[in-house]
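One structure below.
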């Protein structure tokens, strides 16, 4: 069978009103805020960071667009307090794509939503096969949106014109996407799902890891608690250097380099592994970290494994509790069927972790209300609990015990 050729996409190459001037003065911000306040409808926002280049996740450019006001590009390094803009937006709906990527850095400059619409999350709820902004634009607008500047160093000053063009186009498409996706959410019966998901984002905050060093790639190759202590001290030494120099930690030294130093456990600069520039450049810091780890008493060394307060890995359930394993399998099967029938990723109906917790430690009241309450206690949204609770009732009824 011959495939029907896809219509050629038109390239979104230039913002409708041209590339906006980058706001770097307080007076310009106040004027932009006044224009936004006089505009109508939702407000499209975006932020560009310098991930992989700078320490942390601060915003280096903020883009704003509203009907009747136009688009604005703001340099939050030059104008770090965007409170006037936040006041101008007020309770108007924000439109973001992948909100969790931008909410924290926007909050740092004084911007906090009262209501929002996330076009990436909407795309997931609608079951789009690809949910990146370019893919969503292609799906809804039949247009090609270049994304080649998404991973550049946005701390660069002055910002090159092609980057600014890209940044302005990112917010220019969001209003039309929001309207089209809102219609699809309503017609597919998913508007309430989306409302609850968007409302949950208003209080979202990034999770602070208690022991971030445990995410070191290759950590498990170290076979002793002392080795883990060395890796921990090296991680914090790298983090301190990165913070002081305002450089991404992986540009100071990769995880592989830190693990290599930990394996060598050098007590002097001359003992450091050779062949890597970061090892030699920060040699004294690495050796100091190793010495600090070896000065620790045995009782202060970190454990190689951390006790998890949750259920065991599902692969061990069949041996440890075959009844629970059967219930989890039954629920997953029903959940997958529901997700398939409603064209939505199964993880957006219910994340794996809360489901495992409720199946492994079920509530005393094992009816829909009891399971729904248990799921809500694990952070599951009401719409999700309403779907999953009956599936759990069925799974427990099919496997009593």
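The values are calculated or read from the model by the stated rules, or taken from the named source; none is laboratory data. Just so we're clear, the structure is a prediction, and the values are computed from it rather than from any experiment. All Cβ positions, glycine included, derive from the backbone under ideal geometry; neighbour counts span all protein chains shown.
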Of the residues that sit in the stretch 348-381 and are assigned to a loop (DSSP other than H, G, I, E, B) and touching a residue at least 40 places away in the same chain (Cβ under 8 Å), which one is nearest to residue 129 (Cα to Cα)? 381
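Please report, ordered by residue number, the helices (runs of 4 or more DSSP H) entirely within the stretch 203-321 with at least 3 residues that are touching a residue at least 40 places away in the same chain (Cβ under 8 Å).
Qualifying helices (runs of 4 or more DSSP H): 225-245, 249-252, 255-264, 283-294.
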Residue among 269, 230 that alone is crowded, with 16+ Cβ neighbours inside 10 Å and either under 26 Å from the mean Cα position of the chain (by Cα) or not assigned by TED's automatic domain parsing to the domain that holds residue 392 (or both): 230
Would you call residue 200 within 18 Å of residue 104 (Cβ to Cβ) and either at pLDDT 95 or above or buried (at least 18 other Cβ atoms within 10 Å of the Cβ) (or both)? yes
Note: among 30, 79, 36, just one is part of a helix (DSSP H, G or I) and either farther than 29 Å from residue 185 by Cβ or not assigned by TED's automatic domain parsing to the domain that holds residue 145 (or both), namely 30
Evaluate the following for residue 247: is it under 29 Å from residue 98 (Cβ atoms) and buried (at least 17 other Cβ atoms within 10 Å of the Cβ)? no
Whichever residue in the stretch 124-146 is in a loop (DSSP other than H, G, I, E, B) and touching a residue at least 40 places away in the same chain (Cβ under 8 Å) and, among such residues, is surrounded by the most Cβ atoms within 10 Å (Cβ to Cβ): 145
If residue 144 satisfies every condition in (1) at pLDDT 95 or above; (2) more than 29 Å from residue 246 (Cα to Cα); (3) touching a helix residue (DSSP H, G or I) at 6+ places or on another chain (Cβ under 8 Å) but one, which is the exception? (1)
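Let's see how each residue does on (1) at pLDDT below 95; (2) closer than 19 Å to residue 51 by Cα; (3) in contact with a helix residue (DSSP H, G or I) (Cβ under 6 Å, 6 or more places away or on another chain):
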site	(1), (2), (3)
229	no, no, yes
235	no, yes, yes
241	no, yes, yes
247	no, yes, no
274	yes, no, no
284	no, no, no
Those residues of the stretch 311-331 that are at pLDDT below 95 and surrounded by 19 or more Cβ atoms within 10 Å (Cβ to Cβ) come to a total of 1
Could you check how many residues of the stretch 149-174 are over 20 Å from residue 17 (Cβ atoms) and crowded, with 19+ Cβ neighbours inside 10 Å? 1
Single residue of 334, 384 found to be outside any loop (DSSP other than H, G, I, E, B), surrounded by 21 or more Cβ atoms within 10 Å (Cβ to Cβ) and either outside the structural domain of residue 195 (by TED's automatic domain parsing) or touching a strand residue (DSSP E or B) at 6+ places or on another chain (Cβ under 8 Å) (or both): 384
